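All remarks here apply to the structure that follows.
Computed from the coordinates by the stated procedures, all read-outs in this text should not be read as laboratory data. None of these values were measured; they are calculated from a predicted model. When we count neighbours, we look across all protein chains shown, and the Cβ atoms used for this are built from the backbone with ideal geometry, even at glycine.
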Amino acid sequence: LQLRRSMSHVKATHDEEAAARAAAATADNGAPTIFDKIIAKEIPANIVYEDEKVLAFRDINPQAPVHVLVIPKVRDGLTELGKAEERHKDILGELMYAAKIVAEKEGIADGFRVVINSGPAGCQSVYHLHLHVLGGRQMKWPPG
Ligand code: TR5
């Protein structure tokens, strides 16, 4: 029981830290993000899939054996899902389909998770819309 208590404390601390990091991060101010530099190939990324509209690369801080971010190459105001507009419907579909292609390429198409964090309360830290594709282990629910 003691161990369980301390484990749940560790988890709570971890979650709180993540939430605090997100809250402390610059909120959505429309400024360019680190992802623009990755798109421009100014900083290296481990790219796993790319087409005309979408780029997918490995997360620098993976939360699962497979953790890939799928982003639109042109942000077009799509800083966070909570700010999506009618004109973004096509790219939202492209991103979702690219997530499936990534899952196939990574060999996890039989079971994986797609996450979008939106806004500070959603723990978003980079304000260029991105899908997290996670897998390669048994995912848990609820995600916390
Ligand atoms: O918290 P949200 O949902 O906004 O997700 C942002 C994700 O971007 C996090 O999972 C970070 O680990 C990831 N991230 C942040 C940077 C970065 C990255 N993934 C790949 N390469 C990165 N570079 C070069 N620099 C980052 N700051």
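Please state which one of 140, 100 is more than 9 Å from the ligand (Cβ to nearest atom), among the charged types (D, E, K, R) and within 16 Å of the chain's Cα centre (by Cα).
Exactly one of 140, 100 is more than 9 Å from the ligand (Cβ to nearest atom), among the charged types (D, E, K, R) and within 16 Å of the chain's Cα centre (by Cα), namely 100.
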task = Test residue 117 against the stated conditions and say whether it is closer than 20 Å to residue 32 by Cβ, among the polar types (S, T, N, Q) and within 13 Å of the ligand (Cβ to nearest atom).
result = yes
ask   = Restricting the search to the range 120-135, which residues are touching a Pro at 6+ places or on another chain (Cβ under 9 Å) and either without any contact (Cβ under 8 Å) to a residue 40 or more places away in the chain or more than 8 Å from the ligand (Cβ to nearest atom) (or both)?
value = 128, 129, 134, 135
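Of 91, 108, which residue is farther than 24 Å from residue 36 by Cβ, more than 16 Å from the ligand (Cβ to nearest atom), crowded, with 17+ Cβ neighbours inside 10 Å and not basic (Lys, Arg)?
108
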Whichever residue in the range 48-76 is in contact (Cβ under 8 Å) with a residue 24 or more places away in the chain and more than 15 Å from the ligand (Cβ to nearest atom) and, among such residues, is farthest from residue 102 (Cα to Cα) = 73
